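Q: The following block contains the structure, expressed as structure tokens.
The values are calculated or read from the model by the stated rules, or taken from the named source; none is laboratory data. In this text, all values refer to a predicted model and were calculated from it rather than measured experimentally. When we count neighbours, we look across all protein chains shown, and the Cβ atoms used for this are built from the backbone with ideal geometry, even at glycine. Calculation scope for accessible area: heavy atoms of the full protein, side chains included, ligands and nucleic acids excluded. Shrake-Rupley method; radii C 1.70, N 1.55, O 1.52, S 1.80 Å.
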Amino acid sequence: MNSKELHELASTYIPGGVSSPVRAYKPYPFFTSRAKGSRIYDVDGKAYIDYCLAYGPLVLGHANEEVKTAVIEQLGHGWLYGTPHEKEIVLAKKIITHYPSIEMVRFVNTGSEATMAGIRLARGFTERNKIIKIEGGFHGAHDGVLVKAGSGATTLGIPDSQGVPKDLVRNTLQVPFNDSGLLNDVLEKNHGEVAAVIIEPVMGNVGPIPPEDDYLNEVRRITTEQDVLLIFDEVITGFRLALGGAQDFYGVTPDLTILGKIVGGGFPIGMFGGKKAIMELVAPSGGVYQAGTFSGNPVSVTAGSKMIEILEREGVPEKLNEVGDRMRAVLRDMIHDSGFEGYVAGVGSMFKVFFSPGGAKVKNYADALSCDKVGYLGFFQRMLSAGVFLPPSQFETNFVSFAHSESDIERTLGAYKANLV
Ligand SMILES: *Cc1c(COP(=O)(O)O)cnc(C)c1O
């Protein structure tokens, strides 16, 4: 069967024919047969240079051989124990080594689960109910954070999901990104009631939107002053901008950190961690309940540890950041010379061309929403025809991986030039 037929069949059994909404696009998404390195192959016989990369985890590209060997070896010893095992400690230590703000970790299975538990922990620790998130910030698909969430929720134009009781999001306040003044106002107005501010240090699910110069420092200063916990959701930026994540890259220390995506080496994982004094409140050592059948499973932690070992050895984050810098510079020149109305955004290995009116800078969710998403989708289709797979949404970040060769990058930039205008 070809992609079109598979999509029709899938749509009879699975809503929209996809297991996660962002994967859907018109007229139908290609169905993958396999993936290796920088390439993803569809069942129709086409190969694409992949910049979607499963939305973030595949910083080494698809099907890395060393990760594969480690996982196969682990499979020989079993893939789920339901007991403690030594490899959890190996990954925990690797994370703690690179993140001075983290003294203890709890592994879960997804980023969504990790933010859910991290927020619960912040509420338990502070004995307060309210949280503040950033407009368009995405922290997974659970009720308390599905308020103007980014990612698929923005693309589909349903920022507030049906089925989320109003009462459940009453305690979720929102402020725009890159505006520390407003954050300060909201914190002052809700003095003594806010448990935590949860923030992606670089917004990753409404494009990539980096913080303005002093923004994260200001957020840290204000939250300390107001005695509110600062949670960095580094599910995308962790082990990507630097081994120590955005907190190392920008030099700002949060109270709690959420990791996911890359930390599982391409297998399902999530993690929340922070100072011992906070983390020891997690069950069974404390009264904040959190649990999971598949948590800390030996396959995910083995793959994650191997991935981090390779990143350490190869200096991957720095190398990828250079590639990203070069791509953004070429794209900026291209746009400047062509007169196309767009804005090249990103930092490190995250990049995106926003179809921004007048080429205006995109600093927050409202700016991202003003972009031409329909125009972007036309461009996305033209790139697909040219053999380049970008995420099928104006609001998703493009990633470059360690598996992308010089000639992949050259070909990609050529395709941008031919298809952007
Ligand atoms: C992807 C993502 C999540 C959710 O992680 P899942 O593993 O998809 O549940 C949370 N926060 C951010 C910033 C993400 O990019």
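Q: Taking region 172-181, which residues are more than 16 Å from the ligand (Cβ to nearest atom) and modelled with pLDDT of 95 or more?
A: Asn178, Asp179, Ser180, Gly181
Q: Here is a follow-up. Being modelled with pLDDT of 95 or more, aliphatic (A, V, I, L, M) and open to solvent by less than 40 Å² (accessible area, probe 1.4 Å) is true for just one of Ala153, Ala196, Ala149. Which residue is that?
A: From the options Ala153, Ala196, Ala149, the qualifying one is Ala196.
Q: Now for a different question. Quick one: in region 220-276, of everything that is polar (S, T, N, Q) and open to solvent by 10 Å² or more (accessible area, probe 1.4 Å), which residue is nearest to the ligand (Cβ to nearest atom)?
A: Gln247
Q: While we're looking at this one, here's another question. In a helix (DSSP H, G or I) and in contact (Cβ under 8 Å) with a residue 24 or more places away in the chain: is that true of Lys36 in this structure?
A: In short, no.
Q: Can you go through Gly111, Gly124 and tell me which one is within 16 Å of the ligand (Cβ to nearest atom) and open to solvent by 10 Å² or more (accessible area, probe 1.4 Å)?
A: Only one candidate qualifies: Gly111.
Q: Sticking with this one: Among the numbered conditions (1) assigned to a helix (DSSP H, G or I); (2) within 15 Å of the ligand (Cβ to nearest atom), tell me where Ile96 comes up short.
A: Looking at each condition in turn, Ile96 falls short on (2).
Q: Here's something else I'd like to know. State all residues of region 327-346 that are closer than 18 Å to Glu212 by Cα and either open to solvent by 20 Å² or more (accessible area, probe 1.4 Å) or in the same structural domain as Gly238 (by TED's automatic domain parsing) (or both); if no residue qualifies, say none.
A: Within region 327-346, Tyr343 is the sole residue that qualifies.
Q: Right, next: Identify the residue in region 206-218 that is within 16 Å of the ligand (Cβ to nearest atom) and modelled with pLDDT of 95 or more and, among all such residues, is surrounded by the most Cβ atoms within 10 Å (Cβ to Cβ).
A: Ile209
Q: Same structure again: Taking Phe354 as the residue in question, decide whether it is touching a Cys at 6+ places or on another chain (Cβ under 6 Å) and either assigned by TED's automatic domain parsing to the domain that holds Asn109 or at pLDDT 95 or above (or both).
A: Answer is yes for this residue.
Q: Taking only pairs six or more apart or across chains, which ones have beta-carbon atoms under 8 Å, a first residue in region 209-235 that is in contact (Cβ under 8 Å) with a residue 60 or more places away in the chain and charged (D, E, K, R), and a second residue that is open to solvent by 20 Å² or more (accessible area, probe 1.4 Å) and away from the ligand (no atom under 14 Å from the Cβ)?
A: Partner pairs satisfying both residue conditions: Glu212/Asn178; Glu212/Lys363.
Q: Additional query: Mind checking which residues of region 48-80 are touching a Gly at 6+ places or on another chain (Cβ under 9 Å) and surrounded by fewer than 16 Cβ atoms within 10 Å (Cβ to Cβ)?
A: Within region 48-80, Ala54, Ala63 meet the criteria.
Q: Does region 26-35 contain any residue that is open to solvent by 20 Å² or more (accessible area, probe 1.4 Å), of a type in the set (D, E, K, R) and under 22 Å from Ser393 (Cβ atoms)?
A: Within region 26-35, one or more residues are open to solvent by 20 Å² or more (accessible area, probe 1.4 Å), of a type in the set (D, E, K, R) and under 22 Å from Ser393 (Cβ atoms).
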